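Before any comments, here is the structure.
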Amino acid sequence: MLHLLKQPLEAAKPSRRSFLKLSAGAIGGLVIGMNLPRSVAEAAEGEFAQPFVHIRPDNTVVVLSKHLDKGQGTATGLSTLVADELDASWEQVSVEFAPSNPQVYANTLFGVQGTGGSTAMPNSFMQYRQAGAAAKAMLVAAAAKDWGVPAAEITVSQGVVSHPSGKSATFGELAGLAAKEDVPAEPALKTPDQWVYIGKSFPRLDVKNKTVGSPNTYTMDFQRDDLLVATVARSPRFGGMVKSFDATEALAVPGVVNVLQIPNGIAVIAESTWPAIKARELLEIEWDDSAAETRSSDAMFTELKDMTTKPGVKVREDGDVDAALKASAKVIEMDYDFPFLAHGAMEPLDVALHYDGETAELWLGSQIQTIDHNVAATILGVPFEKVKINTLWAGGSFGRRAQADAHPVAEACLLVKAMQAAGMDLNPVKIVWTREDDMAGGYYRPMSAHKVKVGLDDAGNVTAVKYNMAAKSIVKGTPFEAMLMKDGVDHNMTEGAHDTTYAFPLMNMDQAFQETQVPVLWWRSVGHTHTAYVMETVMDRIARETGKDPVALRLELLKDDPRKANVLKLAAEKAGWDTPPVEGRHRGVAVHKSFGSYVAEVAEISLRDDGTVKVEKVVAAVDCGTPINPDNIRAQVEGGIGYGLGAILRNQVTLADGFVEETNFDTYESLRISDMPEVEVHIVASNEAPTGIGEPGTPPIGPAVANAIAAAKDEWVTSLPLAKNGLV
């Protein structure tokens with residue numbers, strides 16, 4: 001069930017300065033709200049075309065989404081903002097992905113065009129509302145001039161501009177005239193009580209096309225008559241290189257066009273996917289593993305755990321924690337380890353590229369367009385403006401497509417350069433990763449180890465917390481390092497812990513970086529996936545040791561974080577925390593803030609006769625600021641819970657002598673329908689700015705379930721997944 005708790009919303013009051021900042025600049029273009037040359041869209045006759053809103057003569061309102069939609073509902077959210085301020089009819093609204101242009105379409109929180117960190121709504125909320133409001137003002141101004149009436153007498157509703165005299169026109173009929181009007185610097189925005197779509201639930205724009213299998217929705221579907229398909233044989237060990245190869249048998253497969261060596265492997269180019277895959281299996285390759293990762297997971301975990309026993313890089317240092325722990329009446333110590341996790345998106349990686357020797361055009365689910373664009377231009381040796389990125393829908397991602405090195409695009413560009421060097425015709429080519437390629441291809445959530453010590457005084461109060469963790473850094477040694485690391489600290493690893501709002505009197509935190517050839521990357525909610533598990537199970541352990549109720553203890557330590565306390569209270573209330581669960585069931589709770597949003601979850605489990613765990617129900621409360629589409633918020637929380645639950649139940653990527661052991665969904669099992677609990681989501685209506693919701697539902701589910709297990713079995717699960725502990 002979805003419950004939207006009512007409380008007043010206040011209208012945002014943007015200043016001219018904030019509007020200009022949000023609107024960014026344009027290369028030879030027009031951004032609504034800025035008096036720049038009117039050439040960004042080269043509008044067709046009778047069309048209104050601005051960077052974020054196009055109105056076509058057929059009365060279609062096209063919203064240009066600067067963000068990738070990979071299933072999180074961003075495209076619908078941005079369209080909602082425009083449609084509401086424009087007073088369009090929802091039926092006339094469609095969405096297209098914006099071209100790659102960081103000066104027009106930059107994520108205002110990143111400085112480049114890209115999607116991630118649950119930032120789409122926070123950085124676009126005012127920008128897209130103002131774009132819709134400005135377009136509406138221009139339509140009204142055009143109608144006023146054409147009809148010879150005061151603009152103040154004109155009304156707009158459901159895509160129709162009207163005057164009391166009886167004159168009226170659709171947006172499409174006025175589009176050409178509106179395009180000639182000046183862009184208002186500060187368009188008037190609606191107050192929340194005037195909103196028609198914002199805060200309401202309705203279907204997402206992408207549902208129909210996905211349901212009927214619309215062609216070219218995803219890169220995997222992308223087709224052209226002259227399109228070639230390539231697969232790449234990459235080293236089965238991370239860091240391995242080609243020593244020698246024999247392609248004789250592969251070249252004999254009907255439909256194979258050529259076999260070429262590229263820097264990271266051997267590419268088989270064929271007329272279609274099937275011969276490319278079959279021929280790759282016939283390649284004879286000798287690999288040079290002299291620089292490869294050849295360890296097994298156990299050895300890597302041993303190294304990580306040893307790192308947590310030693311001083312590392314100081315992330316947080318409040319004072320002399322060791323002295324405080326020594327003086328404590330009791331010290332709780334807990335050690336944790338978390339495995340590599342694959343993203344497991346339904347659409348494996350893929351990218352299509354057409355390079356004619358001078359210009360390049362790419363088709364892919366581009367998550368960070370600016371990086372993909374720059375990498376393509378650099379490798380191909382062409383100017384930035386000679387590269388075009390066509391962003392397509394992505395069949396999932398969870399962070400997998402947000403690489404610092406844009407390696408799928410780089411691989412495609414290196415392939416066409418090799419084709420050029422081999423004298424081949426430069427047909428468009430699509431590189432397809434199989435499921436096994438994708439699963440064994442790395443860029444995992446890092447494996448990590450954590451050691452936590454908590455001191456308690458005679459009264460059961462926390463005296464000090466010492467937290468050491470070790471993992472490979474996602475950003476260290478990458479182009480992201482300069483922007484995301486400061487003083488040698490990678491906060492992506494420690495977020496959710498070093499910045500906890502629990503009122504501990506003293507907390508120190510160290511981090512250590514593991515060196516390995518296994519590439520790692522953001523995974524849905526990044527560091528929060530493990531820090532929330534640690535922090536929230538530690539909180540329950542403290543409650544157990546001190547005889548306090550887990551919810552009461554958290555509220556006691558959240559005196560300075562009312563929003564976090566409020567979602568905790570709400571989830572506890574709706575889950576009936578103060579009343580015993582039905583016989584045979586046990587509850588656990590967790591609350592966490594990530595990406596500006598607050599989520600509390602109460603998990604209710606049962607134990608089967610064999611001692612394994614069944615998660616029966618999850619009650620969630622979420623505060624993500626102004627709720628734009630409650631139904632989508634509910635979907636994201638439900639999806640985040642399912643995704644996180646699948647990870648803690650069975651998922652892990654393990655290495656045996658450097659070889660990945662889980663390469664498809666038979667061994668890296670996705671969540672089963674029978675595993676999915678009943679989920680009840682309560683959304684707090686808020687007058688705060690909107691914050692992200694694509695990721696925050698994931699972190700609390702693991703510790704909520706772990707705490708329920710501890711309540712049932714008095715066992716603290718500190719090594720995931722649960723299957724490894726015989727609990728699934």
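Computed from the coordinates by the stated procedures, all read-outs in this text should not be read as laboratory data. Model, not experiment: these values are computed from the prediction. Because the Cβ atoms are built from the backbone with ideal geometry, glycine has one as well, and the counts that use them run over all protein chains shown.
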Tell me the Kirkwood hydrodynamic radius of segment 654-728 in angstroms, computed as one over the mean inverse distance between distinct C-alpha pairs. 16.0
For segment 313-377, the convex hull over Cα atoms projects on average to an area in nm² of 9.2
In µm²/s, what is D for segment 224-329 at 37 °C and 0.692 mPa s, where D = kT/(6 pi eta Rh) by Stokes-Einstein and Rh is the Kirkwood radius from Cα pairs? 184
Which of the aspartates and glutamates could a cross-linker span from LYS278 if the Cα-Cα distance has to be under 12 Å and same-chain partners fewer than 8 positions apart are dropped? GLU249
Under 12 Å from the Cβ of THR667, count the other residues' Cβ atoms, weight Lys and Arg +1, Asp and Glu -1, and hand me the total. -3
Whole-Å semi-axes of segment 490-648's equivalent ellipsoid, largest first, each the root of 5 times a Cα gyration tensor eigenvalue? 25, 20, 19
Sort MET307, MET539, MET121 so the one with the fewest other Cβ atoms within 10 Å of its own Cβ comes first. MET307, MET539, MET121
Which lysines have a Cα less than 18 Å from the Cα of LYS453, not counting those fewer than 8 places away in the same chain? LYS305, LYS310, LYS314, LYS326, LYS330, LYS466
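When the chain is fully extended, how far beyond the present Cα-Cα distance does SER296 get from PHE202, taking 0.36 nm per residue of separation?
On the way: separation 94, 0.36 × 94 = 33.84 nm, distance 4.86 nm.
Full-extension gain reported as 29.0 nm.
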Estimated [θ] at 222 nm from DSSP helical runs (n ≥ 4, -39500 (n - 2.57)) normalised by residues in the chain, nearest 500: -8500 deg cm²/dmol
Just to be sure I understand the model, the point goes 7 Å from the Cα along the line to the Cβ. What's the resulting VAL149 to ASP58 distance in nm? 2.9
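Work out how much length ASN725 to ASP610 would gain on full extension: take 0.36 nm times their residue separation and subtract the Cα-Cα distance, in nm to one decimal.
Once the chain is fully extended between ASN725 and ASP610, it gains 40.1 nm.
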Over segment 533-580, the quotient of the Cα radius of gyration and 2.2 N^0.38 Å is 1.13
Restricting to aspartates and glutamates and to Cα separations under 16 Å from LYS386, and discarding same-chain partners fewer than 8 apart, the set is ASP356, GLU358, GLU361, ASP372
Taking Cα centroids, how far is segment 332-361 from segment 261-323 in Å? 13
Pop a pseudo-label 7 angstrom from the Cα along the beta-carbon direction at both GLU715 and ASP226 and give the gap in nm to one decimal. 6.3
Could you tell me the distance between the Cα centroids of segment 105-160 and segment 613-669, to the nearest Å? 36
Suppose R0 equals 30 Å. What FRET efficiency, 1/(1 + (r/R0)^6) with r the Cβ-Cβ distance, do THR378 and LEU251 give to the nearest 0.05? 0.45
Calculate the spin-label point distance for GLN194 paired with ALA552, positioning each point 7 Å from the Cα along the beta-carbon direction, and give it in nanometres. 5.0
Helix by helix, which DSSP H runs in the chain go 24 Å or more along their axis at the Cα atoms and have an average Kyte-Doolittle hydropathy of 0.0 or more? 120-147, 630-649
Give me the log10 of I(q) over I(0) for segment 104-233 at q = 0.11, 0.16 Å⁻¹, as the Debye formula computes it from C-alpha points; what are the numbers? -0.65, -1.04
Cα-Cα pairs in segment 594-703 separated by more than 18 Å, as a whole percent of all pairs, come to 54
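Percent relative contact order of the chain, based on C-alpha pairs within less than 8 angstrom and at least six residues apart?
15
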Please report, in cubic angstrom per residue, the volume enclosed by the convex hull of the alpha-carbon atoms of the chain. 167
Residue separation times 0.36 nm, minus the C-alpha to C-alpha distance between VAL112 and THR501: what's the value? 137.0 nm
